[in-house]
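Single-structure report; data block below.
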Amino acid sequence: MQKHANKYKEADDSELVKAAIEGDSNAFGEIVNRYRQMVARTVKGMLGDTVFAEDLGQEVFINLYNSLSGFRGEAKLSTYIQRIAVNLTLNEIKRRKRFFSMFSRTDDDEVIEYNVADDSDNEGKRDAREVVNKALMSLEPKFRIVVAMRMLQGYSTKETAEILKLPVGTVLSRLARGQEQLKKILKARRYENQ
Amino acid sequence: MKTNEVKDIIIRLMEGDEPDEGLLLKLREAGADYSFSEGFTDRVLASINKTAIVINRESEFLRSFSNVFYRIALTGIAAIIFLLISIYISQGTISFDSFLGLTDANNESIISVLTEN
């Protein structure tokens, strides 16, 4: 399999898609290899670094496989995959929110689930990923997605707008509000740690 | 990298229309990046193959089910044709009455059969 997989290393996305539609699992394997980190950044950035996020990552690629024949190449393959990842992740967040609202009377249960205010461990022990993870989980989902796109994927405002199918102005304002929230969260935590 | 430095980078990355590539790289190098565990691709391909096998089994079942239905339908049609031919031979005509066996019956005989007199 490795031998065949290497055959696709140099192939461009459209060739891979064509071969995968024809049933070549090595071609699809190469697509997964190529975009797995991008999906991991979106899914884990939004849901946290959990086993569940791994399962959702798998679901993203299974959905991609099932919808590949409908991919007409109007958008880049990376954008198409990113949209699937974002939609599945947002659906999962909504599902969790519904589930937790059955047991909670508060409105901001999403924040409660990932409450990060209780940093009991020492600052020195925490690594960068933990800081990023906790900061992201403290944000409301609509801000979290644009912040994750910028912070983890390095997307520009225009690219984020294209993936999320939102106007650029909306992305800009969410980014600004997300930044404001982040400043408060990180500043508060810095204060707590002193 | 110190935590405060990471926090500064996070805030600065939000500025402008495009993120600063250098800052992004720094953040990733500091460990603020995500990836799936080893064997992720193999697990995805295994799940897809498993789903394909289930779909194949389902379509095989449906195919054999429709084959059985087709045979039953053919047998039914043959039985109806055979019945019509036998009615035609015995009654000399194919009508609704002959189908019900009422061609020779008049009203009195039907009443006597029904009232048992």
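At-a-glance table
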| quantity | calculated |
| --- | --- |
| Answer from A:69, A:14, A:25 - the residue that is over 26 Å from residue A:93 (Cα atoms) and facing another protein chain (nearest Cβ under 7 Å) | A:25 |
| Close pairs (7 angstrom Cβ cut-off, 6 or more residues apart or separate chains): of a type in the set (Phe, Trp, Tyr) in segment A:62-91, assigned to a helix (DSSP H, G or I) anywhere | A:65/A:28; A:65/B:48; A:71/A:17; A:71/A:80 |
| Residues that are farther than 15 Å from residue A:79 by Cα, more than 7 Å from chain B (Cβ to nearest Cβ) and in a helix (DSSP H, G or I), drawn from segment A:41-61 | A:46, A:47, A:51, A:52, A:53, A:55, A:56, A:59 |
| Candidates B:75, B:51, B:41, filtered to the one that is farther than 26 Å from residue A:59 by Cβ, under 47 Å from the mean Cα position of the chain (by Cα), in the same structural domain as residue B:101 (by TED's automatic domain parsing) and polar (S, T, N, Q) | B:75 |
| Yes/no for residue A:57 being on the phi > 0 side of the Ramachandran plot, without any contact (Cβ under 8 Å) to a residue 60 or more places away in the chain and out of contact with any Cys (no Cβ under 9 Å at 6 or more places or on another chain) | no |
| All positions within segment A:62-83 that are part of a helix (DSSP H, G or I) and either in contact with a Ser or Thr (Cβ under 7 Å, 6 or more places away or on another chain) or under 16 Å from residue A:155 (Cβ atoms) (or both) | A:62, A:77, A:78, A:79, A:80, A:81, A:82, A:83 |
| Neighbours by Cβ (under 6 Å, 6+ apart or cross-chain): first from segment B:9-30, closer than 18 Å to residue A:45 by Cα and facing chain A (nearest Cβ under 9 Å); second assigned to a helix (DSSP H, G or I) and polar (S, T, N, Q) | B:14/A:179 |
| Any hit, segment B:69-79, residues being within 14 Å of another protein chain (Cβ to nearest Cβ) and over 30 Å from residue A:158 (Cα atoms) | no |
| Residue in segment B:16-24 that is aliphatic (A, V, I, L, M) and over 38 Å from the mean Cα position of the chain (by Cα) present | yes |
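The values are calculated or read from the model by the stated rules, or taken from the named source; none is laboratory data. In this text, all values refer to a predicted model and were calculated from it rather than measured experimentally. Counting neighbours? That spans all protein chains shown, and the Cβs are built from the backbone with ideal geometry, glycine included.
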